[in-house]
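Step one of this worksheet: look at the structure below.
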Amino acid sequence: MSDMLEIVKEKYYEYKIWIFIILLILAAIIYCAYSHQTKEVQQTSLSSSISSTSGVKKSESSHENRSIVMVDVKGAVKNPGVYKITSFARVQTAIAQAGGTLEEADMQQVNLAQKLTDGQIVYVPMRGETSSPVNNGSTSAMSTTDNEVINLNTATVVELQKLDGIGVKKAEQIIAYREEHGEFKSIEEIKQVSGIGEKRFEALKDKVTV
(Lines give C-alpha, C1' and ligand atoms only; values in the text may rest on other atoms or scores of the structure.)
Protein backbone atom coordinates (compact mmCIF):
# COMPACT_ATOMS: atom_id res chain seq x y z
CA MET A 1 0.00 0.00 0.00
CA SER A 2 2.82 2.36 0.92
CA ASP A 3 4.49 1.48 -2.35
CA MET A 4 1.33 2.57 -4.19
CA LEU A 5 1.25 5.90 -2.33
CA GLU A 6 4.88 6.49 -3.17
CA ILE A 7 4.16 5.87 -6.84
CA VAL A 8 1.20 8.32 -6.73
CA LYS A 9 3.34 10.96 -5.07
CA GLU A 10 6.04 10.54 -7.68
CA LYS A 11 3.51 10.83 -10.48
CA TYR A 12 1.96 13.90 -8.84
CA TYR A 13 5.28 15.73 -8.61
CA GLU A 14 6.14 14.60 -12.12
CA TYR A 15 2.97 16.01 -13.65
CA LYS A 16 2.55 18.97 -11.27
CA ILE A 17 4.24 21.35 -13.66
CA TRP A 18 2.00 20.21 -16.52
CA ILE A 19 -1.14 20.67 -14.45
CA PHE A 20 -0.01 24.21 -13.58
CA ILE A 21 0.64 25.00 -17.27
CA ILE A 22 -2.79 23.67 -18.31
CA LEU A 23 -4.53 25.74 -15.60
CA LEU A 24 -2.57 28.80 -16.74
CA ILE A 25 -3.62 28.24 -20.35
CA LEU A 26 -7.28 27.83 -19.31
CA ALA A 27 -7.10 31.05 -17.30
CA ALA A 28 -5.64 32.90 -20.32
CA ILE A 29 -8.41 31.56 -22.60
CA ILE A 30 -11.13 32.64 -20.14
CA TYR A 31 -9.57 36.10 -19.79
CA CYS A 32 -9.33 36.60 -23.59
CA ALA A 33 -12.93 35.48 -24.08
CA TYR A 34 -14.14 37.88 -21.38
CA SER A 35 -12.12 40.79 -22.79
CA HIS A 36 -13.45 40.17 -26.31
CA GLN A 37 -17.03 40.06 -25.06
CA THR A 38 -16.53 43.30 -23.09
CA LYS A 39 -15.06 45.03 -26.17
CA GLU A 40 -18.02 43.94 -28.32
CA VAL A 41 -20.45 45.33 -25.74
CA GLN A 42 -18.53 48.65 -25.66
CA GLN A 43 -18.49 48.86 -29.46
CA THR A 44 -22.22 48.10 -29.63
CA SER A 45 -22.92 50.77 -27.02
CA LEU A 46 -20.75 53.30 -28.89
CA SER A 47 -22.46 52.48 -32.19
CA SER A 48 -25.88 52.93 -30.62
CA SER A 49 -24.79 56.26 -29.14
CA ILE A 50 -23.52 57.48 -32.52
CA SER A 51 -26.72 56.34 -34.24
CA SER A 52 -28.79 58.11 -31.61
CA THR A 53 -26.79 61.34 -32.01
CA SER A 54 -27.05 61.11 -35.78
CA GLY A 55 -30.79 60.61 -35.50
CA VAL A 56 -31.11 63.71 -33.32
CA LYS A 57 -29.09 65.78 -35.79
CA LYS A 58 -31.21 64.53 -38.71
CA SER A 59 -34.34 65.32 -36.75
CA GLU A 60 -33.08 68.83 -36.00
CA SER A 61 -32.11 69.34 -39.63
CA SER A 62 -35.51 68.07 -40.78
CA HIS A 63 -37.19 70.44 -38.33
CA GLU A 64 -35.18 73.36 -39.66
CA ASN A 65 -36.09 72.46 -43.24
CA ARG A 66 -39.77 72.28 -42.31
CA SER A 67 -40.17 75.75 -40.78
CA ILE A 68 -43.48 77.59 -40.88
CA VAL A 69 -44.40 80.42 -43.27
CA MET A 70 -47.36 82.81 -43.10
CA VAL A 71 -49.41 83.02 -46.29
CA ASP A 72 -52.38 85.32 -47.02
CA VAL A 73 -54.98 83.54 -49.16
CA LYS A 74 -57.44 85.84 -50.93
CA GLY A 75 -59.99 85.83 -53.73
CA ALA A 76 -62.31 83.04 -54.77
CA VAL A 77 -61.69 80.69 -51.82
CA LYS A 78 -64.16 79.53 -49.18
CA ASN A 79 -62.25 80.83 -46.15
CA PRO A 80 -59.90 83.71 -47.04
CA GLY A 81 -57.33 84.55 -44.40
CA VAL A 82 -53.77 84.21 -43.16
CA TYR A 83 -52.56 80.63 -42.69
CA LYS A 84 -49.50 78.98 -41.17
CA ILE A 85 -48.10 76.47 -43.64
CA THR A 86 -44.95 74.36 -43.77
CA SER A 87 -42.27 76.05 -45.86
CA PHE A 88 -41.56 74.62 -49.32
CA ALA A 89 -45.25 73.78 -49.65
CA ARG A 90 -47.09 74.68 -52.86
CA VAL A 91 -49.93 77.06 -53.74
CA GLN A 92 -52.38 74.16 -53.84
CA THR A 93 -51.63 73.54 -50.14
CA ALA A 94 -52.50 77.13 -49.24
CA ILE A 95 -55.75 76.96 -51.19
CA ALA A 96 -56.66 73.68 -49.48
CA GLN A 97 -56.00 75.31 -46.08
CA ALA A 98 -58.46 78.03 -47.07
CA GLY A 99 -61.19 75.45 -47.61
CA GLY A 100 -60.76 75.09 -51.34
CA THR A 101 -62.04 77.30 -54.15
CA LEU A 102 -65.48 78.66 -54.99
CA GLU A 103 -67.30 77.48 -58.08
CA GLU A 104 -66.60 80.85 -59.72
CA ALA A 105 -62.81 80.50 -59.33
CA ASP A 106 -60.75 80.61 -62.52
CA MET A 107 -58.12 77.97 -61.81
CA GLN A 108 -56.71 78.20 -65.33
CA GLN A 109 -54.92 81.34 -64.19
CA VAL A 110 -53.37 79.88 -61.02
CA ASN A 111 -50.09 77.98 -60.82
CA LEU A 112 -50.85 75.36 -58.17
CA ALA A 113 -47.29 74.02 -58.25
CA GLN A 114 -45.60 77.29 -57.25
CA LYS A 115 -43.60 77.16 -54.00
CA LEU A 116 -44.74 79.34 -51.10
CA THR A 117 -42.63 81.94 -49.31
CA ASP A 118 -43.16 83.76 -46.03
CA GLY A 119 -45.47 86.78 -46.34
CA GLN A 120 -46.75 85.74 -49.76
CA ILE A 121 -50.24 86.56 -51.03
CA VAL A 122 -52.06 83.80 -52.88
CA TYR A 123 -54.86 85.33 -54.93
CA VAL A 124 -57.41 83.12 -56.70
CA PRO A 125 -59.24 85.15 -59.37
CA MET A 126 -62.90 84.88 -60.28
CA ARG A 127 -63.84 83.97 -63.83
CA GLY A 128 -63.93 87.11 -65.94
CA GLU A 129 -61.45 89.11 -63.82
CA THR A 130 -58.83 90.91 -65.90
CA SER A 131 -56.56 92.33 -63.20
CA SER A 132 -55.58 91.47 -59.66
CA PRO A 133 -56.64 93.71 -56.74
CA VAL A 134 -53.37 92.84 -54.97
CA ASN A 135 -49.94 93.42 -56.46
CA ASN A 136 -47.47 93.27 -53.55
CA GLY A 137 -46.17 89.71 -53.31
CA SER A 138 -49.17 88.33 -55.17
CA THR A 139 -49.21 84.83 -56.54
CA SER A 140 -52.11 85.64 -58.83
CA ALA A 141 -51.74 84.27 -62.33
CA MET A 142 -54.27 86.58 -63.90
CA SER A 143 -54.00 88.24 -67.29
CA THR A 144 -51.87 91.37 -67.40
CA THR A 145 -52.49 94.61 -69.25
CA ASP A 146 -49.99 96.56 -71.32
CA ASN A 147 -49.30 98.87 -68.38
CA GLU A 148 -48.79 96.14 -65.79
CA VAL A 149 -45.33 95.32 -64.46
CA ILE A 150 -44.47 91.69 -63.69
CA ASN A 151 -42.62 90.92 -60.47
CA LEU A 152 -39.92 88.38 -61.36
CA ASN A 153 -39.84 87.06 -57.79
CA THR A 154 -43.56 86.25 -57.49
CA ALA A 155 -44.79 85.79 -61.07
CA THR A 156 -46.23 82.46 -62.17
CA VAL A 157 -45.67 80.70 -65.47
CA VAL A 158 -48.92 82.17 -66.78
CA GLU A 159 -47.98 85.73 -65.76
CA LEU A 160 -44.51 85.51 -67.27
CA GLN A 161 -46.01 84.48 -70.60
CA LYS A 162 -47.63 87.92 -70.79
CA LEU A 163 -44.16 89.36 -71.41
CA ASP A 164 -43.07 89.85 -75.02
CA GLY A 165 -41.14 86.87 -76.33
CA ILE A 166 -41.66 84.70 -73.24
CA GLY A 167 -43.35 81.37 -73.88
CA VAL A 168 -44.10 78.45 -71.59
CA LYS A 169 -40.59 76.97 -71.76
CA LYS A 170 -38.84 80.28 -71.12
CA ALA A 171 -41.23 81.12 -68.26
CA GLU A 172 -40.46 77.76 -66.66
CA GLN A 173 -36.72 78.44 -67.05
CA ILE A 174 -37.11 81.80 -65.27
CA ILE A 175 -38.92 80.18 -62.36
CA ALA A 176 -36.39 77.32 -62.26
CA TYR A 177 -33.57 79.88 -62.04
CA ARG A 178 -35.42 81.71 -59.24
CA GLU A 179 -35.93 78.51 -57.26
CA GLU A 180 -32.29 77.50 -57.67
CA HIS A 181 -30.61 80.86 -56.98
CA GLY A 182 -33.19 82.60 -54.82
CA GLU A 183 -35.04 85.80 -55.58
CA PHE A 184 -33.79 88.08 -58.33
CA LYS A 185 -31.71 90.91 -56.86
CA SER A 186 -32.24 93.13 -59.90
CA ILE A 187 -34.08 92.97 -63.20
CA GLU A 188 -30.71 92.71 -64.98
CA GLU A 189 -30.21 89.30 -63.37
CA ILE A 190 -32.82 87.85 -65.72
CA LYS A 191 -30.09 87.91 -68.39
CA GLN A 192 -28.53 84.99 -66.49
CA VAL A 193 -31.43 82.84 -67.69
CA SER A 194 -30.49 80.87 -70.79
CA GLY A 195 -31.81 82.46 -73.97
CA ILE A 196 -32.37 85.95 -72.56
CA GLY A 197 -29.73 88.22 -73.99
CA GLU A 198 -29.27 91.96 -74.12
CA LYS A 199 -31.72 92.44 -76.98
CA ARG A 200 -34.54 90.55 -75.32
CA PHE A 201 -33.81 92.24 -71.99
CA GLU A 202 -34.20 95.66 -73.61
CA ALA A 203 -37.70 94.61 -74.69
CA LEU A 204 -38.56 93.35 -71.19
CA LYS A 205 -36.91 95.80 -68.79
CA ASP A 206 -39.83 98.23 -68.67
CA LYS A 207 -42.32 95.43 -68.00
CA VAL A 208 -40.57 93.66 -65.10
CA THR A 209 -39.58 94.48 -61.54
CA VAL A 210 -38.18 92.74 -58.42
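The values are calculated or read from the model by the stated rules, or taken from the named source; none is laboratory data. Values in this document were obtained by computation on a predicted structure and should not be read as measured data. These area figures cover heavy atoms from the full protein model, side chains too; ligands, DNA and RNA do not enter into them. Shrake-Rupley method; radii C 1.70, N 1.55, O 1.52, S 1.80 Å.
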inquiry  = Using only the heavy atoms of the protein chains and a 1.4 Å probe, how would 87, 67 rank by accessible area, largest first?
reply    = 67, 87
message = From the protein chains alone at 1.4 Å, what is the descending order of accessible area for 191, 199, 84, largest first?
response = 199, 84, 191
remark   = In whole Hz, the Karplus estimates of ³J(HN,Hα) for region 18-25 (6.51, -1.76, 1.60; θ = phi - 60°; x where Gly or Pro) are 6, 4, 5, 5, 4, 4, 5, 5
